[in-house]
Amino acid sequence: MPPLQIKDYSWQQTESAVYLSLPLRGVRPGNADIFCTENYLKVNYPPFLFEAFLYAPIDDINSKAKIGNDAIVFTLFKKEIGMWEALSLASVDKEMMQRIREKSVLQAQAKAKELTEAKAVTKREDERYALKIMMEIEENERKKIEDLKENERQKATKELEAWKEQQKNAAVEEEKIEKELKMCQQKKQIEKEIKKSQDKKTTNHIKSMKSKNFTKGKNAKIIFSEKLKDDYVPAPRSTGNIKIQFTPRVFPTALRESQVAEEEEWLHKQAEARRIMNEDIPELHDLKEEEKNPEWLKDKGNKLFGTENYLAAINAYNLAIRLNNKIPSLYLNRAACHLKLKNLHKTIEDSSKALELLIPHVADNANARMKAHVRRGTAFCQLELYVEGLQDYEAALKIDPSNKVVRKDAEKIRNIIQGTELE
Amino acid sequence: MTAFEKPQIIAHIQKSLNYTVFDCKWVPCSAKFVTLGNYARGTGVIQLYEIQHGDVTLLREIEKAKPFKCGTFGAASLQQRYLATGDFDGNLNVWNLEAPLTPVYSVKGHKEIINAIDGVGGLGIGEGAPEIVTGSRDGTVKVWDSRQKDIPVANMEPVQGESKRDCWTVAFGNAYNQEERVVCAGYDNGDVKLFDLKNMSLRWETNIKNGVCSVEFDRKDISMNKLVATSLEGKFHVFDMRTQHPTKGFASVSEKAHKSTVWQVRHLPQNREIFMTAGGAGALHLWKYEYPVQRSKKDSEGVEMGVAGSVSLLQNVTLSTQPISSLDWSPDKRGLCVCSAFDQTVRVLIVTKLNKV
């Protein structure tokens, strides 16, 4: 149904404003839709429609509309002051109307866009401002703490300087006191000597005897008190030795709780591998788990060597070598046992085997190689094969030229050889 | 305690060095400290610094053939202030810093690097003869007297045939009269052993399940009161040393901090309940120990045993990304300490409000 145009409106005007009153005709105020631009005013409250092509432009931003009491009252502020001849333009044809309507719509849209932009800009401004204030506050906090710290530093530095000054003064004072003390002591020395010479002159005088005793007593007291001042430092302690044992640990690295699980696993796997390897040797079945471990057997052998149980040590080393015949230290230690038991040929055999296994001549096995040479040399000498013995001793010295014992022994052997040659 | 009443750890001076520094120690009765380390060319260096007007100035530099690992003034007299050092080759040397050309005392004490050194009986602290103890990678701990050449006055070594473990740290304690003295040693397999030098015997041993990096008594010159042992894996244990149970040993409380190796522990000379630990992540933690209501109680068989107290964290600060390997409190000024880290810097720190803790 086409809208009904309202024609029974009333309007008044002053120099600066226009007052327009539209009857609502029973339509609810909420349904009234007002569209107003500079030159065009439209009110649409179905089924009614009111349009006005304004005589002159108005300030549509500040103009007001009041809806109520079954009427809409507009207060339109004129852009230019002056009395209007009529509310709306007189001669408007349809085309012009359309154009004006379109222009108004565009104007309204532009205004709306401007408004939203303005709002966005103000919002951004506000946010930036808030941020700036926050940063300033935090900056202040930080500065406060920094200042506190700086103060403490300054205070500490000043105290330190003051204390240093004090120390210097104290040192100077001490020096002065020491000098005075020395002078006092010198004076006392001189007095003592004078008194001594005096006393010698008047030995028969009883009074002077008494005075001599008296002064002697005083001097003795002074000497006694001086002795107390000297700090008594006790003699060096009598040498002592404490043997200790460590909580056993297979790995050469430090103990860490977090690694314990991994280490246990590794050891377990090693034991498994060994067990699989040794399953074919029947005699080993009745041995305990640890006794099949060459490392453990070597340790056992070492301990037995330490308690001079050489045969048992050799047994331990034998078993270890059966399990793993590539460990040079086993042969080395067994050679030492044989040497103690005077099994000289076996000593030479074992030392030679050890040296073979220590073939990459590096700094790590220098110690072991030296020991092997020394043992083999000793065995040769005890078999009276002094030349071969000397060769081994020379080799040992080449590895470790600073070893005095080996050097002395080499000298002895040289002398023996020269001695026998002379004969 | 609010944030502003807690002690603050303030980095006062920072000095960047051109060598790896292993140890730093205050020179007693002065505002000077020494740093020990090694140059990249493999020689050892001792530098003497003085704090002047808020900065450090290098006073003297001494370069020697072998790198230095550790040093102490503990066995020196206050007038002479000789520095005892242990180096990478196992040599113990005592230097007069005014005349460093030849050492006052020198001995090749160990076959391998000397990891830790401590001195007692000097500086007017404690009684008895001045002695130096060294702990080395060859598993032995030896006590030296500078009047006896070449032979140590006590040697704590493994039994014949025993495989050795590295000794990582040593400390003197219980030196309250002329005769009594005790050495505590920590090893890399977690062993902590307490040796009584008066009876030449092993008094107590335990294993704290992680390699022991540093041990220290709260005071060397009193009857043993507390012992702190720090270890790998960020743990440290505080033992109450007043009551020894025949089987259970000493009571202890342990704490986990730092999330990495705790390299050092040092007690404040002016207050023996406060100590600082230095960690592998470059952090320093300041702790306070509180005693329990009763320090000893009777166990089920009526034998006395100790009761450990509790430890609370006062403050912590992260100074570096590399481990702080060494830390020393100044005995003359409360709260002043020097620390060195593996980032080749030495820092002088001020810890405030320690008098109100």
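Assorted remarks:
- Counted residues, the range B:48-63 - those being free of Cβ contacts under 8 Å to residues at least 24 places away in the same chain and either within 14 Å of another protein chain (Cβ to nearest Cβ) or open to solvent by less than 50 Å² (accessible area, probe 1.4 Å) (or both): 4
- Residue count for the range B:168-194 under the criterion of being at the interface with chain A (Cβ under 7 Å from one of its Cβ atoms) and either closer than 12 Å to B:V212 by Cα or at pLDDT 95 or above (or both): the result is 6.
- Given (1) away from chain A (no Cβ under 14 Å); (2) open to solvent by 20 Å² or more (accessible area, probe 1.4 Å); (3) outside any loop (DSSP other than H, G, I, E, B), index of the condition B:C70 fails: (2)
- Among the residues of the range B:29-46, those identified as open to solvent by 10 Å² or more (accessible area, probe 1.4 Å) and either away from every other protein chain (no Cβ under 14 Å) or not basic (K, R) (or both) are B:C29, B:S30, B:N38, B:Y39, B:A40, B:R41, B:G42, B:T43.
- Hits in the range B:220-272 (condition: polar (S, T, N, Q) and open to solvent by 10 Å² or more (accessible area, probe 1.4 Å)): B:S223, B:T243, B:Q244, B:T247, B:S252, B:S254, B:S260, B:T261, B:Q264, B:Q270, B:N271
- Qualifying residue in the range B:217-225 (condition: of a type outside the set (A, V, I, L, M, F, W, C) and in a strand (DSSP E or B)): no
- Residues of the range B:139-167 satisfying the condition of being crowded, with 19+ Cβ neighbours inside 10 Å and more than 8 Å from chain A (Cβ to nearest Cβ): B:T140, B:V141, B:K142, B:W144, B:S146, B:C167
- Criterion (at the interface with chain A (Cβ under 8 Å from one of its Cβ atoms), open to solvent by 10 Å² or more (accessible area, probe 1.4 Å) and without any contact (Cβ under 8 Å) to a residue 24 or more places away in the chain) met by exactly one of B:K209, B:K198: B:K209
- Selected residue (only one of A:I72, A:I61, A:I100 is within 30 Å of A:L4 (Cβ to Cβ), in contact with a helix residue (DSSP H, G or I) (Cβ under 9 Å, 6 or more places away or on another chain) and surrounded by 14 or more Cβ atoms within 10 Å (Cβ to Cβ)): A:I72
- A residue that is outside any loop (DSSP other than H, G, I, E, B) and farther than 15 Å from B:A308 by Cβ can be found somewhere in the range B:234-256.
- Among the residues of the range A:3-18, not one is open to solvent by less than 70 Å² (accessible area, probe 1.4 Å) and among the acidic types (D, E).
- All conditions in (1) within 14 Å of another protein chain (Cβ to nearest Cβ); (2) closer than 22 Å to B:S260 by Cα; (3) surrounded by fewer than 15 Cβ atoms within 10 Å (Cβ to Cβ) hold for B:S310, with the sole exception of (1).
- The set of residues from the range A:47-98 being of a type in the set (A, V, I, L, M) and either under 60 Å from the mean Cα position of the chain (by Cα) or not in a strand (DSSP E or B) (or both) comprises A:A56, A:I81, A:M83, A:A86, A:L87, A:L89, A:A90, A:V92, A:M96, A:M97.
- Residues (out of contact with any Ser or Thr (no Cβ under 9 Å at 6 or more places or on another chain) and not polar (S, T, N, Q)) located in the range B:174-193: B:A175, B:E179, B:R181, B:V182, B:V183
- Cβ pairs under 6 Å, 6+ apart, first in the range A:293-318 and more than 10 Å from chain B (Cβ to nearest Cβ), second in a loop (DSSP other than H, G, I, E, B) and not acidic (D, E): A:P294/A:N324; A:Y310/A:L341
- Pairs with Cβ under 9 Å, 6+ apart, first in the range B:337-352 and closer than 13 Å to B:L17 by Cβ, second buried (at least 23 other Cβ atoms within 10 Å of the Cβ) and acidic (D, E): B:S340/B:D23
- When residues in the range A:43-56 are screened for being without any contact (Cβ under 8 Å) to a residue 40 or more places away in the chain and open to solvent by 50 Å² or more (accessible area, probe 1.4 Å), 1 of them pass.
- Scanning the range A:356-396 for residues being on the phi < 0 side of the Ramachandran plot, open to solvent by 30 Å² or more (accessible area, probe 1.4 Å) and not in a helix (DSSP H, G or I) gives a total of 8.
The values are calculated or read from the model by the stated rules, or taken from the named source; none is laboratory data. Owing to the predicted nature of the structure, the values given are computational and were not obtained by experimental measurement. Note that each Cβ is placed from the backbone with ideal geometry, even for glycine, and that neighbours are counted across all protein chains shown. Protein only, heavy atoms only, side chains kept; ligands, DNA and RNA dropped before computing areas. Shrake-Rupley method; radii C 1.70, N 1.55, O 1.52, S 1.80 Å.
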